[in-house]
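Taking it in order: structure first as structure tokens, then the write-up.
The values are calculated or read from the model by the stated rules, or taken from the named source; none is laboratory data. This is a predicted model, so every value here is computed, not measured. Here the Cβ positions follow ideal geometry from the backbone for every residue, glycine too, while neighbour counts run over all protein chains shown.
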Amino acid sequence: MNDPARPRLNIGAIRESFAPWADPNAAPLVRFEGVYKQFGDETAVKGVSFDIYEGEFFALLGPSGCGKTTLMRMLAGFEAPDAGRVSLGGQDLAGQPPHRRPVNMMFQSYALFPHLSVEQNIGFGLSQQGLPRAEIRARVEETLALVKLEGLGRRRPHQLSGGQRQRVALARAIAPRPKMLLLDEPLAALDKKLREETQFELMRLQQTLGMTFLIVTHDQEEAMVVADRIAVMSAGEIAQIGRPAEIYETPNSRYVADFIGDVNLFEGRVTGADGTKVRLGSNDCPAGLEALEDDHLAMGSPVWLAVRPEKLKLHLDPPGETANRLSGKVVDYGYLGDWTTYVVELASGRTVRAAVANVSRLVERPIGYGDPVWLTFAPDGAVVLTR
Amino acid sequence: MKRFSLTAVLPFVWLAAFFLFPFLLVAKLSLSEVALAIPPYQPRLDLSQGLNGLSAFAQGLDLETYARLRTDHLYVAAYLSSLKFAVVSTVILLLVGYPLAYGMARSGAETRRTLMMAVILPFWTSFLIRVYAWIAILKPEGLLNAALSSLGLPTLSLLNTDAAVYIGLVYAYLPFMVLPLYAVLERQDESQLEAAADLGCTPIQAFWRVTFPQSLPGVAAGALLCFIPMVGEFVIPDLLGGSGTLMLGKVIWTEFFANRDWPAASAVAIVMLATLIIPTLLYQRQQARMVDGR
């Protein structure tokens, strides 16, 4: 199970069929019910309810100050909700001090004990459980191997690199085998490459241990890679909960569409809806906009169409007259290697971002500043948003 | 070639002028013997005699005074008594100072400033006046007994007893214990305590497993800062202690000024210094380990 060469695809394949939240009979491991929390004048959490299921890798995603860390700290026992209930395994956690809760947290600052060796740090929770010395030693060895820190057990935290310290913090939190592991921005201090490696490492670890993980992060890519489900938070409330692909492809609001990845938003009014498609009139597109939508939206109601940059197709010659046809000129572009992002200014004055995959190394007609271009997208590439 | 650097040499010049030279003078005195002369010891170094004078001087030095210290019961008793006063006071200081420093480090910014001020404020008054104030408190008709008798309690005669010396020592040295302890406790990362709680520690267990071990450098610094000067303390035992209170500081004073036995006074001072070097070296080794380990 510890084979680092284990293909990543495996993880995805297992996770595809994993959907306890869709099962009405499944009992959640963790349940937040109408939780409020006030700090001084500021309401950090405003009536949040959601469930986390056994074996799930759940992400709380949002900008700083959105209340995600407060929710996690409530689960660890460092904060108490002002109203509402937090329960674990069906038991209300109210009044239970942190040291009695069967969850462990990995701190953003790692909070390693500088006066103890790596082994003693990892064994800290185990000795607190009163395990015999020999068993502690065995479990520490096992955990060291799990996070690939064999041979570093006698070092002190300050003798380790940032990445190694991160692993010690992780090992210390998983060694007591908690019912649930809480990860508070666990990768924030790592550089990009190490962060990406560690994301897969975390997924592997979660699969190996079969433990429930809750991660708090402001990094949407991180949440998308590791999590089974993501709860996107905004100002103390949950904006949307879903699988990463659901959140990305079918955001339920402009906030979520904008927070997760890049998005172009077109404002318009409904001019026709037949239960499968909706047509919009918009200043940005004289030919009209069209998107798949099975809701019967009221005629004339204001809506927004969200289109991801990679769903837009860029044309150098005018395409035929169709819906979803935009024209403008290139005002900026950025070459990212795998992609080039073009910023196109429409006649309406709105700027639109289009991402074009660089499939060939040879470019026949390079696009430059001021060049006239046309953009089109398929009706199934756009999402209609009403808020 | 290494360049001559004034900043590197200056500390050595200072140490030589203000520490090494006086120390050598005292060491030389301790090897001399009493004489009815001014100053009251011999041999005297006569450099006008050249090398002969130097060798005559060197031959005049011996360890006789130290032998006297060993055999005279008074010196041994004073030595042991001083160590006892210093050790007991250091332990009391730790027991009083640690909770105080801990409370300061854990209180809010506003309270912390006030408490810090309260600890430092006594330094603004002369040390001597503060010790005299204790005489006014402890004397038979003093403030303490006035308070006790007004409450209908029996009065205490504390002044001129060992208890008064302990009170005075603990009072005078408390800031030197509190400040280094506060410095280490204040630095402590709060998230470490949360981590300890998360891993199953009650607040008391978290203190003993996380806070206390990390505060040991402060404990060592505070203990030494108090212990070393307390061994040689003179003013407090002289003013608050009784005639039976034996401490090296008093012995040195008596030998110098009452008995005019400068060699004996110097020898006592040298023995005291030699004893105090041991804990200082231990402390420095521990400090070096800490620096190494940080």
Identify, by number, the condition in (1) at pLDDT 90 or above; (2) in the same structural domain as A:T69 (by TED's automatic domain parsing); (3) more than 30 Å from A:Y53 (Cα to Cα) that A:D191 doesn't meet. (1)
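Given the structure, is A:G334 at pLDDT below 80, within 27 Å of A:I247 (Cα to Cα) and loosely packed, with under 14 Cβ neighbours inside 10 Å? Break it down stepwise before answering.
Numbers: at pLDDT below 80: no; within 27 Å of A:I247 (Cα to Cα): yes; loosely packed, with under 14 Cβ neighbours inside 10 Å: yes.
No: the conditions fail for A:G334.
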Can you confirm whether segment A:184-194 contains a residue that is under 22 Å from A:P98 (Cβ atoms) and in a strand (DSSP E or B)? yes
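Taking A:I122, is it part of a helix (DSSP H, G or I) and buried (at least 19 other Cβ atoms within 10 Å of the Cβ)? Steps first, please.
Values: part of a helix (DSSP H, G or I): yes; buried (at least 19 other Cβ atoms within 10 Å of the Cβ): yes.
Judged against the criteria, A:I122 is a match.
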Whether any residue in segment B:217-228 is farther than 27 Å from A:P114 by Cα, more than 9 Å from chain A (Cβ to nearest Cβ), in contact with a strand residue (DSSP E or B) (Cβ under 6 Å, 6 or more places away or on another chain) and touching a residue at least 12 places away in the same chain (Cβ under 8 Å) is what I want to check. no
Within segment A:71-107, how many residues turn out to be surrounded by fewer than 21 Cβ atoms within 10 Å (Cβ to Cβ) and at positive phi? 4
Find the helices (runs of 4 or more DSSP H) located wholly in segment B:121-190 whose residues include 3 or more that are in contact with a Lys or Arg (Cβ under 6 Å, 6 or more places away or on another chain), within 19 Å of B:I92 (Cα to Cα) and not charged (D, E, K, R), and list them. none
Considering only residues of segment B:246-283 that are assigned to a loop (DSSP other than H, G, I, E, B) and within 23 Å of B:L224 (Cα to Cα), which is modelled with the highest pLDDT? B:M247
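With respect to B:A206, determine if the residue is of a type in the set (G, A, S), within 14 Å of chain A (Cβ to nearest Cβ), in contact with a strand residue (DSSP E or B) (Cβ under 9 Å, 6 or more places away or on another chain) and surrounded by 20 or more Cβ atoms within 10 Å (Cβ to Cβ).
Numbers: of a type in the set (G, A, S): yes; within 14 Å of chain A (Cβ to nearest Cβ): yes; in contact with a strand residue (DSSP E or B) (Cβ under 9 Å, 6 or more places away or on another chain): no; surrounded by 20 or more Cβ atoms within 10 Å (Cβ to Cβ): yes.
Against the criterion (of a type in the set (G, A, S), within 14 Å of chain A (Cβ to nearest Cβ), in contact with a strand residue (DSSP E or B) (Cβ under 9 Å, 6 or more places away or on another chain) and surrounded by 20 or more Cβ atoms within 10 Å (Cβ to Cβ)), B:A206 does not qualify.
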Among the residues that make up segment A:184-193, is at least one of them among the charged types (D, E, K, R), within 14 Å of chain B (Cβ to nearest Cβ) and either over 23 Å from the mean Cα position of the chain (by Cα) or more than 26 Å from A:T70 (Cβ to Cβ) (or both)? no
Of the residues in segment A:188-238, those that are surrounded by fewer than 19 Cβ atoms within 10 Å (Cβ to Cβ) and of a type in the set (F, W, Y) come to A:F200
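Okay, residues lined up against (1) within 14 Å of chain B (Cβ to nearest Cβ); (2) under 23 Å from the mean Cα position of the chain (by Cα); (3) without any contact (Cβ under 8 Å) to a residue 60 or more places away in the chain:
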residue	(1), (2), (3)
A:E56	no, yes, no
A:A76	yes, yes, no
A:E79	yes, no, yes
A:G89	no, no, no
A:P97	yes, no, yes
